Amino acid sequence: MKRHFSLTLLVLLWNLGSVRSLVAQDLVVTGARIIVGNGTVINQGSIVIRGGRLASVSAGPPNVPAGQPPAGQTMDARGLTAVPGFIDGHRHVDTGSNEKVQMQQLLDAGYTTILSGGGPAEGNLTLKDHIEKGVIKGPRIIPSGRLDLGNGTPDAIRAEVRRLAALGIKFIGEQALTPKPGPTPKELENLRAAVDESKKVGVWIQIHAVSPQAMMAAVDAGVPKLVHTPHFGWLSFDEAKRVAAAGVKQLSTIGFGVPVFGVFADDNKPRFRDGRPWPESILDGDGRGQEAGYKAVNARTSWDAGVVYGYGTDTGYAPKAGLEHELKSLNLMFSMQDIIKLLGPNTASYIEMGDQLGTLEAGKLADIVLLAGNPLDGYWNLLNPKLVIKGGVIVSDQR
Ligand SMILES: [Zn+2]
C-alpha cells in the first residue's frame, strides 16, 4: 500500500513538472519571412503568441494587442521563414517501446499534428493522453480507429462505430475496399451502414480506396474522406469532379509506388517504403512501379477538379525521410504555392480543424515551423526546421 502511494506521488510530481514545462509561453517572433498559408507572404514580419494562440501576424514590428504590454520572450528570426506546422492526415505511428523517440522525430521534422491511423483505437487514445498530460512530447494526436468491412454484419459494424464514438474517436480510418476488380457487395453493404451510423454519432469515416472503381464506390456510399489517391488506373476528370461535388476530401499518399533511396540502406537500390525491393514489393503492385505514375497524375486530376486535396503519407517510416519522399513526389505535379496550400489549409480542412490550424492567422493555434530556407524556392527548404512551435510551446530547437 505504502509503495503504491509513493509511486502515485512520484508519477504525479513528475507529470506536474512536465506539464509546467509544456505550458505555452508568450512569445514574440520578429523579422521572419511569414508564409501565412492563405496565399499571403510577408517578407519581414512579426508573430505575437499569447496563451498558445496567434495573437497577431503582421508586417514590420510586432503588433501587440491594445492595452497589453509586450510580454514574454522575443525571438529574432531574421533570415528564417515561418510556415504553419505540418499536419499528416493519415500516418501510422508505432505506439510501442520507441514511441517517445518517434514522437520527437516527428516534431523535429516539423509535424505538429498527426492523425494516427492504423493500430487499435485504444493505443492511439493512450498516446494522445500521454502527450496531452506531458508524459512525453509529441505532435497533437488525432486518434482513429478501424472497421473490418469484409467481415461481420451491418449491425455489428454499426455497433463498432458506436463503440468507437463512445471512446472519443472522431475518425475511423484504417479500413479498405478491395481495389481490383472492385469492392465486394459485402464491403459496400457494411460501408453504407458505417457511413449512416457515423453521421448519427458525429464521427468521420475515412477509407483506403486505391483504385478509381473503389474510390468512386466509396464516394457513392457517402464516405466523406479518402486516404489515398488511386494508383490502379486513371481517374477521369468527370469522376474527379463528382468527388469534388460530393464534398469528399482526399489525401495525397502519392509517395506510394515511388522508390525510396538511402533510407533503409545506403546502397543506391530502389526500395518500397517498407524497405523491401522496388518495384516487386509494392503492395498488390501491377509491376514496374506504374503506381507511381497513376498516383502523380491522378493527384493533379483531383486538384484541378476542385477536390480539397491534403497531405497524408499512410506510412510509418522515418518522419523526415517520409516527408521528403512525399514532397519530392508532389513536386512532380504541383508548384510550391500549391504544396503550401495542400500541406496547410487543405490538410487542416481534411481533419476538420480548418478554423484552428493550417495557416498563420490571428486566433489560430500557434503551430509554427521556422525554416532556414525559403520553401517557395523549393520543397527541400521544408526539410530543415530550426525551430518548431506547437500551441505556443517550443517543441524542437535545432538552431
Ligand atoms: Zn493506413
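The values are calculated or read from the model by the stated rules, or taken from the named source; none is laboratory data. Only a predicted model underlies this, so the values are computations on that prediction, with no experimental measurement involved. Here the Cβ is made from the backbone with ideal geometry for all residues, glycine too, and neighbour counts use every protein chain on show.
Take the residues in segment 268-291 that are under 20 Å from Leu235 (Cβ atoms) and touching a residue at least 40 places away in the same chain (Cβ under 8 Å); name whichever of them is nearest to the ligand (Cβ to nearest atom). Going through the qualifying residues, I end up with Asp284. When Ser6, Ser21, Ser58 are checked against the criterion of being of a type in the set (Gly, Ala, Ser), over 23 Å from the mean Cα position of the chain (by Cα) and modelled with pLDDT of 95 or more, Ser58 stands alone in meeting it. Among the conditions (1) without any contact (Cβ under 8 Å) to a residue 40 or more places away in the chain; (2) surrounded by fewer than 17 Cβ atoms within 10 Å (Cβ to Cβ), the only one that Asp377 does not satisfy is (1). Of the residues making up segment 340-368, those that are surrounded by fewer than 21 Cβ atoms within 10 Å (Cβ to Cβ) and either free of Cβ contacts under 8 Å to residues at least 12 places away in the same chain or of a type in the set (Val, Ile, Thr) (or both) are Gly354, Asp355, Gln356. Considering (1) more than 15 Å from the ligand (Cβ to nearest atom); (2) under 20 Å from Ile339 (Cβ atoms); (3) crowded, with 24+ Cβ neighbours inside 10 Å, the lone condition that Gln250 does not fulfil carries the number (1). Among the residues making up segment 310-350, a single one is under 12 Å from the mean Cα position of the chain (by Cα), more than 16 Å from the ligand (Cβ to nearest atom) and of a type in the set (Ser, Thr, Tyr): Ser349. Beta carbons closer than 6 Å, at least 6 apart along the sequence or on distinct chains, pair a first residue in segment 104-122 that is farther than 16 Å from Leu387 by Cβ with a second that is more than 16 Å from the ligand (Cβ to nearest atom) and not in a helix (DSSP H, G or I) for Thr113/Pro139; Thr113/Arg140; Ile114/Pro139.
If you check Thr313, Thr359 for being over 30 Å from Gln73 (Cβ atoms) and touching a helix residue (DSSP H, G or I) at 6+ places or on another chain (Cβ under 8 Å), only one passes: Thr313. Within segment 175-202, can you find the residues that are in contact (Cβ under 8 Å) with a residue 40 or more places away in the chain, in a loop (DSSP other than H, G, I, E, B) and buried (at least 21 other Cβ atoms within 10 Å of the Cβ)? Within segment 175-202, Leu177, Pro179 meet the criteria.
The test for being of a type in the set (D, E, K, R), within 16 Å of the ligand (Cβ to nearest atom), in contact with an Asp or Glu (Cβ under 8 Å, 6 or more places away or on another chain) and in the same structural domain as Glu326 (by TED's automatic domain parsing) holds for Arg146. Gln337 meets each of the listed conditions (1) within 27 Å of Gly173 (Cβ to Cβ); (2) in a helix (DSSP H, G or I) apart from (1).
Among Lys128, Lys133, which is the only one that is closer than 19 Å to Leu365 by Cα, away from the ligand (no atom under 16 Å from the Cβ) and surrounded by fewer than 16 Cβ atoms within 10 Å (Cβ to Cβ)?
Just one listed residue meets the conditions, Lys133.
Against the definition (of a type outside the set (Phe, Trp, Tyr), more than 16 Å from the ligand (Cβ to nearest atom) and touching a Ser or Thr at 6+ places or on another chain (Cβ under 8 Å)), how does Thr184 come out, yes or no? So Thr184 fits the description; yes.
To keep it simple, each residue is scored yes or no on (1) modelled with pLDDT under 95; (2) among the charged types (D, E, K, R); (3) within 16 Å of the ligand (Cβ to nearest atom).
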{"residue": "Lys180", "(1), (2), (3)": "yes, yes, no"}
{"residue": "Val203", "(1), (2), (3)": "no, no, no"}
{"residue": "Pro212", "(1), (2), (3)": "no, no, no"}
{"residue": "Met216", "(1), (2), (3)": "no, no, no"}
{"residue": "Val219", "(1), (2), (3)": "no, no, no"}
{"residue": "Arg242", "(1), (2), (3)": "no, yes, no"}
{"residue": "Ala246", "(1), (2), (3)": "no, no, no"}
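What do you reckon, is Ala217 surrounded by fewer than 24 Cβ atoms within 10 Å (Cβ to Cβ) and assigned to a helix (DSSP H, G or I)? It is true that Ala217 is surrounded by fewer than 24 Cβ atoms within 10 Å (Cβ to Cβ) and assigned to a helix (DSSP H, G or I).
Residues that are surrounded by fewer than 23 Cβ atoms within 10 Å (Cβ to Cβ) and farther than 14 Å from Gln73 by Cα within segment 26-36 comprise Gly31, Arg33, Val36, listed in sequence order.
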